[in-house]
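Each reported figure results from applying straightforward, stated rules to the coordinates on display, with no laboratory input. What you see is a predicted model; the values in this text were computed from it and never measured. Neighbour counts run over all protein chains shown; Cβ positions are idealised from the backbone, glycine included.
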Amino acid sequence: MQDHYKTLGLLSIADDVVIKAAYKALAQKYHPDKYKGDSRHALKVMADLNAAYAALRTKVLRQAYDEKLSAYADKHAKKSTPPTKKEIHKGLVQKIKKNVLDEMGVITLFEELFNCKVNVHTGWVNSYSTVIEKNKVTLDFVSLKTKIIDHLEN
């Protein structure tokens, strides 16, 4: 369902006068006789603007539209389910592989997954040490990311 308030660039609390003014301003901008760009685009925008204004131009029409929009939102909100653990892990793996997470993000994730504290040894290239299952381990950044990926994929 198209959100006519977004079409007009307004919040749903806008006054009737504001709705009319927004419609007029956008209609002048996108009128096919005045629009400098692609005329097909202008025609589509004008059709959307006309539909939006037709649904919101009076208090009665606006109230009916608001009820429809609310019912539509309620219906579709119930259908969305939270992501599964597998989906979350897949998203994290993709972020790690694409280098979206910075060093601190990777360290924090490692600490949470392995329930340990990671010590950073700064230098030209940082190294990291931790204790996993009573064994002291020293890793480089790639190894840190690889251990996280292996853990999330298994």
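The label point for residue 2 and the one for residue 51, both projected 7 Å from the Cα toward the Cβ, are 0.3 nm apart.
Could you put 111, 133, 87 in order, starting from the residue whose Cβ has the fewest other Cβ atoms within 10 Å?
Details: 111 13, 133 7, 87 10.
In increasing order of surrounding Cβ atoms, one gets 133, 87, 111.
Does the chain come out rounded, prolate or oblate by the C-alpha gyration tensor, with a ≥ b ≥ c the root eigenvalues, rounded set by a/c under 1.5 and, if not, prolate when a/b is larger than b/c and oblate if not? Cα axes put the chain in the prolate bin. Here the spin labels are modelled as points 7 Å beyond Cα on the Cα-Cβ line, and at residue 85 and residue 71 they lie 4.1 nm apart.
Where the only charges are on Cβ atoms (+1 Lys, Arg; -1 Asp, Glu), what is the dipole of the stretch 85-153 about its Cα centre, to the nearest 20 debye?
Values: 11 positive and 9 negative charges, 33 e Å.
Taking the Cα centre of the stretch 85-153 as origin, the dipole is about 160 debye.
Assuming R0 = 35 Å, what is the FRET efficiency of residue 119 and residue 97, from their Cβ-Cβ distance, to the nearest 0.05?
Values: r = 25 Å, r/R0 = 0.72.
Efficiency, from the Cβ-Cβ distance: 0.90.
Sites listed here are trypsin sites (Lys or Arg not before Pro) in the stretch 6-46 whose DSSP assignment is loop and whose Cβ has at most 12 other Cβ atoms within 10 Å: 34, 36. Computed over the alpha-carbon atoms, the stretch 4-79 gives an Rg to Rh ratio of 1.05, Rh here being the Kirkwood radius from the mean inverse distance. From the alpha carbon centroid of the stretch 1-43 to that of the stretch 50-118 is 28 Å.
The trypsin sites (Lys or Arg not before Pro) of the stretch 62-154 meeting both criteria, a DSSP state outside H, G, I, E and B (loop) and at most 15 other C-beta atoms within 10 angstrom of the site's C-beta, are 98, 117, 134.
Applying 0.36 nm per residue to the separation of residue 28 and residue 135 and subtracting their alpha-carbon distance, the gain on full extension is 31.3 nm. Just going by the charge dipole of the stretch 4-79, with Lys and Arg at +1 and Asp and Glu at -1 on Cβ, which of 55, 30, 9 is farthest out on the positive end? Going by the Cα projections, it comes out as 30.
Would you compute, from DSSP H runs of 4+ residues alone, the mean residue ellipticity of the chain at 222 nm, taking -39500 (n - 2.57) per run and dividing by the full residue count, rounded to the nearest 500? Display every interim value, and only then the final one.
On the way: 7 runs with 97 residues, N = 154.
Helix contribution divided over all residues of the chain: -20500 deg cm²/dmol.
Cross-link reach is defined here as a Cα-Cα straight distance under 16 Å, omitting same-chain residues fewer than 8 places apart; for residue 36 the lysines meeting it are 44.
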